[in-house]
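Here, each number is a calculation from the coordinates, and none is a lab measurement. Because the structure is a prediction, the values reported are computed rather than measured. Here the Cβ positions follow ideal geometry from the backbone for every residue, glycine too, while neighbour counts run over all protein chains shown.
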Amino acid sequence: MEFWESSFIDKQTMWGFEPTDSAILIKDFFLEKNVKDILIPGIGYGRNAKVFIENGINVTGIEISKTAIGLARENGIDSEIFHGSVTDMPFDNKLYDGIFSHALIHLLNEQERKKFIKDCYDQLKPNGYMIFTTVSKKAPMFGKGKQLDKDYFEIMEGVKMFFYDSDSIKQEFGDYGLVEFSEIDEPNKDMKNKPSINFILVKCKKK
C-alpha cells in the first residue's frame, strides 16, 4: 500500500490524477528499453499506471486497499490488479519485463524490505529492470516522531518510515543488480502550496 495513495481511505485521491515525475521518467526509460509488460506493486488508484498504459505498456498491479482498486476502476484502469499486500508476493508465477514501485518500500520494516526486493527480482525476466522510488533522509519527515531503529521512525500514529541514503541503498539493493540511483524532488501537483519531497530513484537490472 502506498502512503501517498492508499493510507487514508477518506483521502484516496488527495494526490490528484497526474502521474508523478518519476513515473513519467520511467515510462520514457521503459519505452527506450522496449519494456512491454510491467508489474506495479502498490498501484494505488492508478495515477501512475495510466501513463504506462497510455503508452502501450501492459500493466499488472498489486494493491492492499479495496477502495483504491475501486477508484482505479473508476479512473479507467482495467488492468489485472491483485488484492493483497506486497509482503505476500508473489501473486502469480509470471516474469515481467519491468517492475515499478513508487513510494512503497520505505513503509516496510527491514525483513519486509529484503523480501520485497528479492520477490521483485525473482519476478523479472533476464535483463529486466526493477525501479523503486523511496524517501531519502533529506525528506522533511526524517527524524520526526518516534524513532524505532536507525533511520526508521513512526512519523505519525500507524505510519512507519525507513529513510534511505546512499549507504543503505547499496546495502539493500547491491545484490540485486543495482545499476544506479539518483535523487528526484517530487512536487505535490495537486496541492501546489505543499513542499516537494526528496526521493531516491533506484534502478536495478536482472543479470
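Assorted remarks:
- Candidates Gln111, Gln123, Gln147: whichever shows maximal mean-square fluctuation once the chain is modelled as a Gaussian network with Cα springs under 10 Å: Gln111
- The residues packed around Asp37, meaning those with a beta-carbon under 9 Å from its beta-carbon, carry a net charge of +2 if Lys and Arg are +1 and Asp and Glu are -1.
- DSSP assigns beta bridges within the chain; of those with both partners inside it, close to 55 percent run antiparallel.
- Taking the DSSP beta bridges with both ends in segment 76-156, the antiparallel portion is around 35 percent.
- When you filter the GluC sites (Glu not before Pro) in segment 110-207 for DSSP loop state and at most 13 other Cβ atoms inside 10 Å of their Cβ, you are left with Glu157.
- Annotation for segment 144-179 versus segment 94-124: alpha-carbon center distance of 14 Å.
- Proxy reagent accessibility, fewest Cβ within 10 Å first, across His106, His83: His83, His106
- Here the Karplus relation 6.51 cos²θ - 1.76 cosθ + 1.60, evaluated at θ = phi - 60°, turns the backbone of segment 97-111 into coupling constants of 5, x, 9, 10, 10, 9, 6, 10, 4, 6, 8, 9, 7, 4, 5 Hz, with x for every Gly and Pro.
- Counting other Cβ atoms within 10 Å as a rough exposure proxy, the listed residues Met141, Met89, Met156, Met161 run Met156, Met141, Met89, Met161 from fewest neighbours to most.
- Mean residue ellipticity at 222 nm, helices only, the chain: -7000 deg cm²/dmol; runs of at least 4 DSSP H residues each add -39,500 (n - 2.57), and the sum is divided by the number of residues.
- By the beta-carbon count within 10 Å of each Cβ, the least crowded to most crowded order of Phe132, Phe91, Phe199, fewest first, is Phe91, Phe199, Phe132.
- Amide N proximity, segment 97-138 versus Asp175 label position 7 Å along Cα-to-Cβ, cut-off under 11 Å: 114-115, 118
- Estimated distance in nm for a label pair at Asp185 and Asn75, the labels positioned 7 Å out from Cα along Cα-to-Cβ: 2.5 nm
- When the Cα gyration tensor is reduced to axis lengths a ≥ b ≥ c, the ratio a/c is 1.5 or higher for segment 68-134, and with a/b not above b/c it is classed as oblate.
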